[in-house]
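The values are calculated or read from the model by the stated rules, or taken from the named source; none is laboratory data. Predicted, not measured: the structure shown is a model, and the values here were computed from it. Please note: Cβ atoms are built from the backbone with ideal geometry, for glycine as well, and neighbour counts cover all protein chains shown.
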Amino acid sequence: MSVFRSRPALRWLVPAAAAVVVIGGGAAAGTIAASADPALPERSAAQLLVDVQTAKIDGLSGTVVQTADLGLPSLPGITGGAGSNADLMKLVAGSNTARVWYAGDDKVRLAVLGTLGETDVIRNGTDMWVWRSTENSATHIKIPADAKRQERKTLAGAVPATPQEAADAALAAIDPTTAVTTTGAAKVAGRDAYELVLTPRDTASLVGQVRLAIDAEKHIPLGVDVYAKDANNPALRIAFQQVSFETPDAEQFTFNPPPGAKVTTPDRSSSAKPGAPHRADKADKSDKSAPEGTKVVGKGWTSVLVAKTSTAKTDTRNAEGTQQLEAITGALPKVSGTWGSGRLLQSALFSALLTDDGRVLVGAVAPEKLYEVAGQ
Amino acid sequence: MSQADTRLSPRFLLSELRLIAVRRRNQAGLAALAAVPVILAAAMKLTVPDAGRGPGQGPDFFSQITGNGYFVALAALGVELTLFLPIAVAMLAGDAVAGEANQGTLRYLLTVPVARTRLLAIKYAGILMGAFLAPLVVATSGLLAGFLLFGAGDVTTLSGTRIGLATALLRLLVICLYLGVCLAALGAVGLFLSTLTEQPMGATIALTMLTVASFVLGQIPQLDWLHPYLLTQHWRDFGELLREPVAWEALIPGLTSAGAYILVFLSAAWARFSGRDVTS
């Protein structure tokens, strides 16, 4: 105290130190958690893959955080988006938090958290509910018992929703084009985990690395990081922030629409994509219902999807959607070459080219490769 | 230093709290805070047969008001959080030290004698009272107006499930406490600003501008690296308490951030105030 009395200026050291501790402490907590290397017995990539395929858990609940830094240009109606699609659009730009509950394949609940809202997808047996708190609306979909598999696939859609699904998607991409290695153990959500590193052999791919964290004990994927080439931070990251392997209560999966809510029960035909009607025009490579003329050029990581756009069809169905699409494409930079002309969407992980003659080319490659394919 | 300095007597604290409570401007401020939910509820009541606007229109919780008076309190808190509540705290905090200096009473207060650290602590206690009382007043007034005009009942959570009214009221209380902690952090910044000047109005306006600026910066996606450090960033996390089950761990960032702000700015206020010359 006497030091402070004789030299009042020294008092300022206290708040300064407090500020350093607070800001530094927050930053350090992250790095310590990330660099802690637990000692786990070595395990080969093949062993890990088998572990993952055969992993069997009765239930889990946890919080999943997904961050995307795809380096997309700002697009009207998407990145700055308001309206009902804003939550889903955050999947491609920004950060999302979701809580998941799982108790077997037919009891799943996923809650995507908004600031003062929530979008829930709840599956309980043959019932599937999609609840949107901001619209006060619930969609009820009956799943025929024989269509289970297919329905699940559709839901997974273009953007993986849970680490499990994301890992499945990444594993499906493994073939001779990929170098698979394991690295020092990682720590995800406070649990020891192995890390499986997939590196594309083809250097033309924009994807630098896919790192899959696999729980050392339960063998389920805890997180996926997708790195763009030469990037230090993941362009896409989905990982558990907190996870518990206790089977959640059955009441987590019961949903009764609250009184006053708008309940819709769509026909089977129109229920394919409850969440994201507009998402199809983005990086959707798995759209099986694409019109004829769709083909894949190239192999593995550098394959390019070429599709014909069918504007006439969308016109009648969804005028607003078409308008939005036009606004988006209008904002993209114009490019041209010997292959013709069009508009280019470029991001850290993928490029998309919309040619003026109505073709769409998408791939995890540099634009030059798209031009090459477009010229063929 | 005399005996009176070290002895912990509640007298000074009580006199400070009473001083705050009997000030006309503070009473008027509380009345204004309480009036907003009443006006809101009345406006919603008068425009009920407006079927043209579907659900999901208007700000958060507004669409649910007509079904359950409980949501008047939530909607009012959401509305007042951006400006009214910060202004109320800014008024108290700005007044804390600069007000005494401006009136020329700070000198006399310190000759009583009261240690400067203790004076700051008492002043902050007064701000804390305001910070925790203000959301409670808004919520209570909202509940009263809402129940009177729209009735009460089970509450639909953000997850689409229903919880009983008693549980819902308990959660509302926790929401008020959480907002109280958030506003207490704002009050700590205000106390620091108040030690910088002899014009209470200056400190109040500076703090209000800071709040608004923080909200605006929080809306700019290009500045997302800055967002975790913003004072107001986690204020709207109070919605986490309306999920089923409650995401308690989601409140941690907000509470940590508030704690950090309180620590840094209270120590800064101490560094500034105990070292400065009191001239008025």
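For the range B:218-258, a residue qualifies if it is of a type in the set (Phe, Trp, Tyr) and over 20 Å from the mean Cα position of the chain (by Cα), and the qualifying residues are B:Trp225, B:Trp248.
Restricting attention to the range B:217-225, does a residue exist that is away from every other protein chain (no Cβ under 14 Å) and farther than 30 Å from B:Thr167 by Cβ? Yes: one or more hits.
Residues are listed down the side, and each one gets a yes or a no for (1) in contact with a Phe, Trp or Tyr (Cβ under 8 Å, 6 or more places away or on another chain); (2) more than 26 Å from B:Met209 (Cβ to Cβ); (3) modelled with pLDDT under 85:
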{"site": "B:Gln64", "(1), (2), (3)": "yes, yes, yes"}
{"site": "B:Leu74", "(1), (2), (3)": "yes, yes, no"}
{"site": "B:Val79", "(1), (2), (3)": "no, no, no"}
{"site": "B:Leu92", "(1), (2), (3)": "no, no, no"}
{"site": "B:Gly104", "(1), (2), (3)": "no, yes, yes"}
{"site": "B:Leu109", "(1), (2), (3)": "no, yes, yes"}
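For (1) surrounded by fewer than 21 Cβ atoms within 10 Å (Cβ to Cβ); (2) within 14 Å of chain A (Cβ to nearest Cβ), each residue gets a yes or a no:
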| site | (1), (2) |
| --- | --- |
| B:Gly78 | yes, yes |
| B:Thr82 | yes, yes |
| B:Met91 | no, no |
| B:Thr111 | yes, no |
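Among residues of the range B:158-176 that are within 14 Å of another protein chain (Cβ to nearest Cβ) and assigned to a loop (DSSP other than H, G, I, E, B), those with a Cβ under 8 angstrom from a residue that is crowded, with 17+ Cβ neighbours inside 10 Å and of a type in the set (S, T, N, Q), sequence gap 6+ or separate chain, pair up as B:Leu158/A:Ser133; B:Ser159/A:Ser133; B:Gly160/A:Ser133.
When B:Glu198 is tested against the conditions (1) farther than 25 Å from B:Arg116 by Cβ; (2) surrounded by fewer than 22 Cβ atoms within 10 Å (Cβ to Cβ), the lone failure is (1). The residue that is nearest to A:Ala352 (Cα to Cα), counting only those in the range A:195-234 that are hydroxyl-bearing (Ser, Thr, Tyr) and within 21 Å of the chain's Cα centre (by Cα), is A:Ser205. Can B:Ala96 be described as modelled with pLDDT of 85 or more, surrounded by fewer than 20 Cβ atoms within 10 Å (Cβ to Cβ) and in a helix (DSSP H, G or I)? In short, no. Is one or more of the residues making up the range A:336-354 surrounded by 14 or more Cβ atoms within 10 Å (Cβ to Cβ), in contact with a Leu (Cβ under 8 Å, 6 or more places away or on another chain) and modelled with pLDDT under 80? Within the range A:336-354, none of the residues are surrounded by 14 or more Cβ atoms within 10 Å (Cβ to Cβ), in contact with a Leu (Cβ under 8 Å, 6 or more places away or on another chain) and modelled with pLDDT under 80. For the range A:225-255, a residue qualifies if it is within 18 Å of A:Val121 (Cα to Cα), part of a loop (DSSP other than H, G, I, E, B) and touching a strand residue (DSSP E or B) at 6+ places or on another chain (Cβ under 7 Å), and the qualifying residues are A:Pro248, A:Thr254, A:Phe255. In summary, B:Gly259 fulfils each of the numbered conditions (1) at pLDDT below 90; (2) within 10 Å of chain A (Cβ to nearest Cβ); (3) surrounded by fewer than 20 Cβ atoms within 10 Å (Cβ to Cβ) with the single exception of condition (1). In the range A:199-210, what residues are surrounded by fewer than 21 Cβ atoms within 10 Å (Cβ to Cβ) and assigned to a strand (DSSP E or B)? Matches in the range A:199-210: A:Thr199, A:Gly208, A:Gln209. Considering each residue of the range B:229-242 in turn, at least one proves to be within 11 Å of chain A (Cβ to nearest Cβ) and out of contact with any helix residue (DSSP H, G or I) (no Cβ under 8 Å at 6 or more places or on another chain).
Summed over the range A:336-358, the residues that are out of contact with any helix residue (DSSP H, G or I) (no Cβ under 7 Å at 6 or more places or on another chain) and not acidic (Asp, Glu) give a count of 10.
Each row is one residue, and each column tells you yes or no for (1) modelled with pLDDT of 85 or more; (2) within 12 Å of another protein chain (Cβ to nearest Cβ).
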| position | (1), (2) |
| --- | --- |
| A:Thr79 | no, yes |
| A:Gly83 | no, yes |
| A:Asp87 | no, no |
| A:Gly117 | no, yes |
| A:Arg123 | yes, no |
| A:Met128 | yes, no |
| A:Thr134 | no, yes |
| A:Ala138 | yes, yes |
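Applying a threshold of 8 Å to beta carbon distances and a minimum spacing of six or more residues, or different chains, the list of pairs starting in the range B:206-222 at a residue that is free of Cβ contacts under 8 Å to residues at least 40 places away in the same chain and ending at one that is among the hydroxyl-bearing types (Ser, Thr, Tyr) and surrounded by 15 or more Cβ atoms within 10 Å (Cβ to Cβ) reads B:Ser214/B:Thr232; B:Gly218/B:Thr232; B:Pro221/A:Thr79.
Just wondering, is there one or more residues in the range B:187-200 that are touching a His at 6+ places or on another chain (Cβ under 7 Å), in a helix (DSSP H, G or I), within 27 Å of B:Ala125 (Cβ to Cβ) and touching a residue at least 12 places away in the same chain (Cβ under 8 Å)? No, that holds for no residue. Number of residues in the range A:47-77 that are part of a strand (DSSP E or B) and either over 22 Å from A:Val224 (Cα atoms) or modelled with pLDDT of 80 or more (or both): the value is 9.
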